[in-house]
Amino acid sequence: MVEPEIVEPGAVEPGREEAAEVRRFWAGLGLPGLIDVHTHFMPERVLRKVWEYFDANGPLIGGLAWPITYRAEEAERTAVLREFGVRAFTSMLYPHKPGMARWLNDWAVDFARRTPDCLHTATLYPEPDTGEYVREALDAGARVFKAHVQVGDYDPADEQLRSAWGMLAEAGVPVVMHCGSGPAPGRFTGPESAARVLARHPRLRLIVAHLGMPEYEAFLGLAERYPQVHLDTTMAFTDFTESFMPFPQRALPRLADLGDRVLLGTDFPNIPYPYLHQLRALERLELGSDWLRAVCHDNAAKLFAL
Ligand SMILES: [Zn+2]
């Protein structure tokens, strides 16, 4: 059981003051706002269960103390992102068992309809009708998928997912995959399974969630090998994550070189610190304003044609 000391992420508390600071951050870079490719919106009762899991320090979160900073009603959560100036975000949802993905996808269609700044998100799970509902989601206009290898406890190279990856690769629709072994490893987490998927589908627009933590360097290697592979920054470089899964300093030049394929992600609202801290954590890498502009907005704007 890991029990890191949570470092105080800064004086700014969530609220009005934080929104002003977040806006100053992107305005200072000359950006029109932020694009956050990794935020969680899901049916209310599913989200409550996720929060209960975090509250109970469940094994999948590595037994960590994980107070949710933005625990609020859905309308309030979207309002917070808008106050921050997040121009586009996602509704990352994911099944932990068969028979659940289609229902989540139906919810996500409705959420995207009533939330124009949300990139219509869909999910999948290895089961007999995966290909069918992935096709339906694409036809309904899904612009990004989420796959959670750790919570779903499946092999992303499972035969039942093969046609789905093929369709996503062909459609050029990115999939954000939690495939790293953080915060706790799963049976199929780690770079090997993801590498097997890419070997079969080299054009798949895989977005490695959480920068692949803690296997950062292996996942950087996949991005270097496959030009369609991106990485999201979700929770990386924050005091919280650095305390138990530090990013290796020696890999910073590689991260700089991949600056056109790193995308801002945050895990809002399920984060144990203010949103601003993720931005400051990127800033303090000192990779420069061009890198920050690309990561916080321009790369995602290009990928999603926004
Ligand atoms: Zn997440």
### Inverse of mean 1/r across different Cα pairs in the chain, Kirkwood, Å
19.1 Å
## Note on the structure
Taking 0.36 nm per residue of separation between A171 and E192 and subtracting their Cα-Cα distance, the length gained on full extension comes to 5.1 nm
### Query
What aspartates and glutamates could a cross-link reach from K49, if we take a straight Cα to Cα line under 17 Å and drop same-chain neighbours fewer than 8 places away?
E73, E74, D267
#### Entry: Most fluctuating residue given options A72, A194, A223, as computed from a GNM of the chain linking Cα atoms under 10 Å
A72
### Query
When every alpha-carbon pair in region 95-154 is counted, what percent end up more than 15 Å apart?
44 percent
### Message
I need the calculated FRET efficiency for the pair R162 and H96, taking r as the beta carbon distance and R₀ as 25 Å, to the nearest 0.05.
### Response
0.75
## Note on the structure
Mean 1/r over distinct Cα pairs of region 118-233, inverted to a Kirkwood Rh in Å, yields 13.8 Å
### Query
By how many nm would the segment from A27 to E74 lengthen if fully extended, with 0.36 nm per residue of separation less the alpha-carbon distance?
14.3 nm
#### Entry: Total charge dipole magnitude, the chain, about the Cα centre, Cβ charges on Lys, Arg, Asp, Glu only, Debye to nearest 20
680 debye
### Message
Can you tell me which of V46, V295, V37 moves the most in a GNM of the chain? Springs connect C-alpha atoms under 10 Å apart.
### Response
V46
### Query
Could you give the length gained on full extension between E242 and A20, defined as 0.36 nm per residue of separation minus the Cα-Cα distance, in nm?
77.3 nm
### Message
In the chain, if the dipole is taken from +1 on Lys/Arg beta carbons and -1 on Asp/Glu beta carbons about the Cα centre, which of A218, H40, Y133 is farthest to the positive end?
### Response
Y133
### Query
If you project the alpha carbons of region 169-306 onto the principal axes, what extent comes out on each, in Å, largest first?
38, 35, 30
### Query
Mind checking which of R87, R225, R250 has the largest fluctuation in a GNM of the chain, springs on alpha carbons under 10 Å?
R250
### Query
What percentage of all Cα-Cα pairs in region 40-160 are separated by more than 21 Å?
43 percent
### Task
Could you do me a favour and compute the accessible area per residue for region 139-215, 1.4 Å probe, result in Å²?
34 Å²
## Note on the structure
Packing-ranked peptide list from 242-248, 185-191, highest mean Cβ count within 10 angstrom first, is 185-191, 242-248
### Task
Give the relative contact order (percent, whole number) for the chain; include only Cα pairs under 8 Å separated by 6+ residues.
21 percent
### Apportionment of accessible area to carbon and sulfur, region 166-306, percent (1.4 Å)
49 percent
### Query
If you put +1 on each Lys and Arg Cβ and -1 on each Asp and Glu Cβ, how big is the dipole of region 88-133 around its Cα centre, in Debye rounded to 20?
140 debye
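The values are calculated or read from the model by the stated rules, or taken from the named source; none is laboratory data. Every value quoted in this text rests on a predicted model; they were computed, and no experiment measured them. FYI the Cβ positions are ideal-geometry reconstructions off the backbone, even for glycines, and counts take in every protein chain you see. In case anyone asks, the SASA skips ligands and DNA or RNA and just uses the protein heavy atoms, side chains included. Shrake-Rupley method; radii C 1.70, N 1.55, O 1.52, S 1.80 Å.
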